[in-house]
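The block underneath contains the structure these notes are about, expressed in structure tokens.
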Ligand code: 5AD
Ligand code: SF4
């Protein structure tokens, strides 16, 4: 059997190597994390980029079994932030040198919705002198819609596959037309074709999920040649159908370590992509995101959703609440990032180096 220290130094990894790393224990975990930290430093350096996250609406037409804001949850107070408030949040990001924002919302498909996002993109470009980068995270849409939004100025898109295993996908989503696995896969290809930097990711520690599933998820991302990844632990929400399987779940601390392992292994597999330290990590451990940044992630998404709405975007329970105002929060994050020996890359889009390499583009 190949020694563990040899596996983590490989350049290409077999499915078995990945499973071995996912299931490692004790000191091997530290070895893996030290290796992925080194690979991060050598390939993307110690710069962490901010993406100001604007959760502009929790109205969603879908019914994912894991998600607290699914359409079928009658207990959610629904909100839809006005366009002016969204622009104000974007202006805050711009004036605080964030470099880019993420517009995230429930999944809706209509001409009115398409036009609204298009208009918001134009306005964000206008108020920022064309400088603020915009990532969209608004689900599956037609190729035409993706193209329109790209033309209006969006350049990155996040669409998690949630699980790349079709069987598991249908255990966590309704088996019907609106939640087709094939459409999710197609959307990821359409996004790439439209010119976006494409990000995907999965939930870690789902009921029924195995180490083999997670290894396949990592290989899926590698094969899709993604530019960015956002993934984090699954955290059960009592108002969702998946909650009935809570007895099948790993303890939260184990889901947390497994999530860190996924980030570390992805960094070994895809050395120069952007990897986000997800908020869900922080829901389990107050230093969760910093730990992820230390061992491989290089992106953090501070929530800049206006305070009065922020408490209603509860995809999962125990979502960390930000009590400081946005400026204090920025300073707080900056200090935390300095504590782990990283620096914030202000005023930069912080594009995925991987994307630049594959498209032959210039640094942004
Ligand atoms: N636990 C963790 N992540 C969740 N998401 C939705 N519900 C949960 C949950 N219960 C994630 C999904 C989705 C993203 C916006 O939030 O991966 O793509
Ligand atoms: Fe809607 Fe996204 Fe939640 Fe699914 S995960 S119900 S698409 S907000």
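Only the coordinates and a few stated rules stand behind these numbers; no lab work does. What you see is a predicted model, and the numbers here were worked out from it, not measured in a lab. Here the Cβ is made from the backbone with ideal geometry for all residues, glycine too, and neighbour counts use every protein chain on show.
Before anything else, pin down the relative contact order of the chain: Cα pairs under 8 Å, at least 6 apart, normalised by residue count, whole percent.
25 percent
Treating each Cα of region 41-174 as an identical point scatterer and ignoring solvent, apply the Debye formula and state log10 I(q)/I(0) at q = 0.16, 0.17, 0.20, 0.22 Å⁻¹.
-0.91, -0.99, -1.21, -1.33
Explain nothing, just the number: relative contact order of region 1-100, from Cα pairs under 8 Å at least 6 residues apart, as a whole percent.
RCO, region 1-100: 22 percent.
Determine the relative contact order of region 171-281: mean sequence separation of Cα pairs under 8 Å and six or more apart, normalised by residue count, in whole percent.
Relative contact order, region 171-281: 30 percent.
Give me the percent of DSSP beta bridges within region 47-358 that run antiparallel, rounded to the nearest 5.
Approximately 5 percent, going by the DSSP bridge assignments.
Among 278, 163, 82, determine the one that fluctuates most according to a GNM of the chain built with springs between C-alpha atoms less than 10 Å apart.
Evaluated over the chain, the most mobile residue of the options is 82.
Would you mind telling me which residue in 56, 256, 208 has the biggest mean-square fluctuation in a Gaussian network model of the chain, where springs connect alpha carbons within a distance under 10 angstrom?
208
When the chain is treated as a GNM, springs tying every alpha-carbon pair under 10 Å, which of 45, 296, 230 comes out with the largest mean-square fluctuation?
45
If I model a spin label at residue 91 and residue 11 as a point 7 Å from the Cα along the Cα→Cβ vector, what separation in nanometres do I get?
5.2 nm
Show log10 I(q)/I(0) for region 47-358 at q = 0.06, 0.14 Å⁻¹, two decimals, from a solvent-free Debye sum over equal Cα scatterers.
The Debye formula, applied to the Cα set alone, gives -0.17, -1.10.
Highest first, please rank the peptides 242-251, 135-144 by the mean number of other Cβ atoms sitting within 10 Å of their residues.
135-144, 242-251
Quick one: plug the Kirkwood hydrodynamic radius of region 283-356 (C-alpha pairs) into Stokes-Einstein at 37 °C, 0.692 mPa s, and report D in µm²/s.
The Stokes-Einstein estimate is 233 µm²/s.
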